[in-house]
Amino acid sequence: MKRILFLIAIFQLTISSAQDLYLQCGNIVDTETGKVLKEKTIVVSGNKIKSIQNGFTSGSGDDQVIDLKSKTVLPGFIDMHVHIEGESSPSRYLERFTKNPADVALQATVYAERTLMAGFTTVRDLGGSGVNIALRNAINKGTVKGPRIFTAGKTIASTGGHGDPTNGMREDLRGDPGPKEGVVNSPEDAKKAVRQRYKDGSDCIKITATGGVMSVAKNGQNPQFTIEEIKAITATAKDYGFLTAAHAHGDEGMRRAVLGGIKTIEHGTLMSEETMDLMVQHNTYLVPTISAGKAAAKMADIPGYLPPVVAKKAREIGPVSQVTFGKAFKKGVPIAFGTDAGVSPHGENGKEFGFMHEAGMPIMKTIQAATTTNAELLGMKNELGQLKAGFLADIVAVDEDPTKNVATLEKAIFVMKEGVVYKE
C-alpha cells in the first residue's frame with residue numbers, strides 16, 4: 001500500500017510540475033467575435049489551450065515563454081480542399097505511369113510539411129490514390145510532419161467522368177473500373193462506393209458532379225451523375241457519418257448536387273444566380289478554390305505545360321472562378337475556405353485570403369471561413385478554429401495585423417499544432 005501511495009504522489013508531482021508554454025501575443029484574432037485583441041498571453045498545457053490571460057504573463061518554474069509581442073496570433077488555418085499527393089507540373093500526366101505508390105508517398109510528405117509550415121494545421125484532402133489515407137495515419141502517429149488530414153481517399157466519379165482514373169489511357173490499359181476504384185453508374189454502385197470508402201478508412205466523401213479542368217477528358221462542365229445516384233451517395237454517407245463534397249464547374253451538375261443533399265460545392269465556377277439561391281435555401285457551402293482557377297489559367301498560357309484538351313478547358317474556366325465567387329458571396333451563399341492546392345502550389349494556400357478579399361469578402365470573414373466555419377463543417381467546432389481555453393493548441397502567428405494587410409497571411413512565421421512548435 002505504501003508503494004502504491006508513493007507512486008501516486010510521484011505521478012501527481014509530475015503532473016503539477018509539467019511545463020506550460022506562455023505565448024505572449026501583441027495581437028490575437030478572436031475568430032468568434034471577429035475582433036483583434038491586444039496584449040494577451042495564451043497558456044498552452046500539453047496539446048490544448050489552458051487559458052488566455054490579459055497582458056503579458058510568464059508563469060513560473062519550468063514554464064517556457066515564447067515572445068510574439070510584435071506579432072498577430074490566430075488559430076491554425078483549415079483548408080477544405082487540397083490534393084496532398086501531388087502537384088501540377090508538365091510531367092504530371094506521364095507520372096501516372098512511372099511513379100510507384102512509394103514514390104507518391106515520399107513526395108506527399110514534402111507537400112504535407114510545406115502546408116503545415118504555411119500555417120495550415122488542418123486540411124481536407126479531396127481525392128488521391130489512397131496514399132492520402134496512409135499519410136494521414138503517419139502524421140497522426142508523429143512519423144512525419146504535416147497538418148491534420150481529413151481525407152476522401154479516392155474520389156467517386158462516373159465512367160469517363162472527371163475522377164475516372166483511366167481517362168486518357170490507351171484502350172488496353174483502361175479496363176472497366178467500378179465502385180472499388182471509385183467509378184459508379186447506378187444508385188447501387190454509388191452505395192457500394194461509399195461503403196468501400198468507409199472500408200478503406202476515408203473520413204469524408206467527394207464526388208465529381210461535373211466535368212473538370214485537369215482531367216484528360218473533353219468536357220469540363222457537363223453533369224456526370226443523375227440525381228438518384230447523388231441521393232444514394234448522400235443517404236449512405238449520412239449512415240456512415242461522412243461529410244460530402246462535390247466538385248462542380250457546370251451549373252446543372254451543381255444544381256443536382258445541391259438538391260441531392262451534398263454539403264459543400266467545390267469550385268462552383270459557372271454557377272447561376274438560381275443555383276446560388278438554392279444553396280442559400282439548403283445551407284450548402286461554396287468552397288471557391290480561386291487559387292486553382294488562377295493557377296490553371298497561367299499553366300494554359302505556357303506552351304506544352306498541359307495537354308491540349310486540358311489547356312483549352314483551363315483557359316475557359318480558370319479565369320471565371322473569382323468573379324463567380326464574388327457574386328455568390330454578395331448573394332449570401334455560405335462560404336468555406338479551400339484552395340485546391342495541388343493544382344496551385346502547396347504552401348501557397350494563404351494567397352486564397354487575398355483572392356477572396358479582392359472579390360469583395362471582408363478580410364475578417366475570410367479568416368473566419370478558414371477557421372470557425374471550416375471547424376464546424378468538420379464536426380470540430382469545439383476543438384478547432386478558435387483561440388479559446390479547452391481547444392486544441394493549433395496556433396499561428398504572422399508579422400502584421402491581417403485586417404490591415406491581408407498579404408501577411410501568406411507567410412506564417414510561427415506554427416504550433418497540438419502544442420508542438422513546428423516553426424518559430
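If you roll a 1.4 Å probe over segment 270-405 with all protein chains in place, what percent of the accessible area is carbon or sulfur? Carbon plus sulfur share of accessible area: 52 percent. Charged side chains reduced to their Cβ positions (Lys and Arg at +1, Asp and Glu at -1) give segment 255-304 a dipole of some 180 debye around its Cα centre. Between segment 318-339 and segment 390-424, what is the separation of their alpha carbon centroids in Å? Each part reduced to its Cα centre gives a spacing of 25 Å. The trypsin sites (Lys or Arg not before Pro) of segment 380-424 that meet both conditions, a loop assignment by DSSP and at most 10 other Cβ atoms within 10 Å of the site Cβ, are K404. Shown for segment 188-252: the carbon plus sulfur share of the solvent-accessible area, taken with all protein chains present and a 1.4 angstrom probe, equals 46%. Once the Cβ-Cβ distance of E32 and T143 is raised to the sixth power relative to R0 = 35 Å, the FRET efficiency obtained is 0.55. The smallest convex shape that holds all Cα atoms of the chain, its convex hull, gives 152 Å³ per residue. Rounded to the nearest Hz, the phi-derived 3J(HN,Hα) couplings of segment 332-337 under the Karplus curve 6.51 cos²θ - 1.76 cosθ + 1.60 (θ = phi - 60°) are x, 5, x, 10, 10, 9, where x marks glycine and proline. With R₀ fixed at 51 Å, the C-beta to C-beta distance from S45 to L106 puts the FRET efficiency at about 0.90. Of the trypsin sites (Lys or Arg not before Pro) found in segment 150-208, the ones in coil according to DSSP and having at most 16 other Cβ atoms within 10 Å of their Cβ are R170.
Surface exposure of segment 100-207, expressed per residue as accessible area with a 1.4 Å probe, stands at 42 Å².
For chymotrypsin sites (Phe, Trp or Tyr not before Pro), no site in segment 256-355 is both called loop by DSSP and has at most 15 other Cβ atoms within 10 Å. For the pair segment 133-191 / segment 198-260, the C-alpha centres are spaced 13 Å from each other. Counting Cα-Cα pairs of segment 190-262 in 10 Å increments starting at 0 gives whole-percent bin shares of 22, 49, 27, 2. The angle between the Cα long axis of helix 101-117 and the main principal axis of the chain comes to about 50°, on a 0 to 90 degree scale.
Summarising the strand pairing of the chain, around 45 percent of its internal DSSP beta bridges are antiparallel.
The C-alpha atoms of the chain define a longest principal axis, and helix 321-331 lies at about 70 degrees to it. A cut-off of 5 Å between modelled amide H atoms, ignoring neighbours fewer than 5 places along the same chain, links T151 with D125, D203, C204. Note on the chain: helix-only mean residue ellipticity at 222 nm, from DSSP H runs of 4+ residues weighted -39500 (n - 2.57) and normalised by residue number, equals -10500 deg cm²/dmol. Normalised per residue, the accessible area of segment 228-387 is 36 Å², obtained with a 1.4 Å probe and no contribution from ligands, DNA or RNA.
The values are calculated or read from the model by the stated rules, or taken from the named source; none is laboratory data. Computed from a prediction, not measured in an experiment: that's the story for all the values here. Note that we place each Cβ from the backbone using ideal geometry, even for glycine, and neighbour counts take in every protein chain shown. The accessibility values were calculated without ligands, DNA or RNA, using every heavy atom of the protein model including side chains. Shrake-Rupley method; radii C 1.70, N 1.55, O 1.52, S 1.80 Å.
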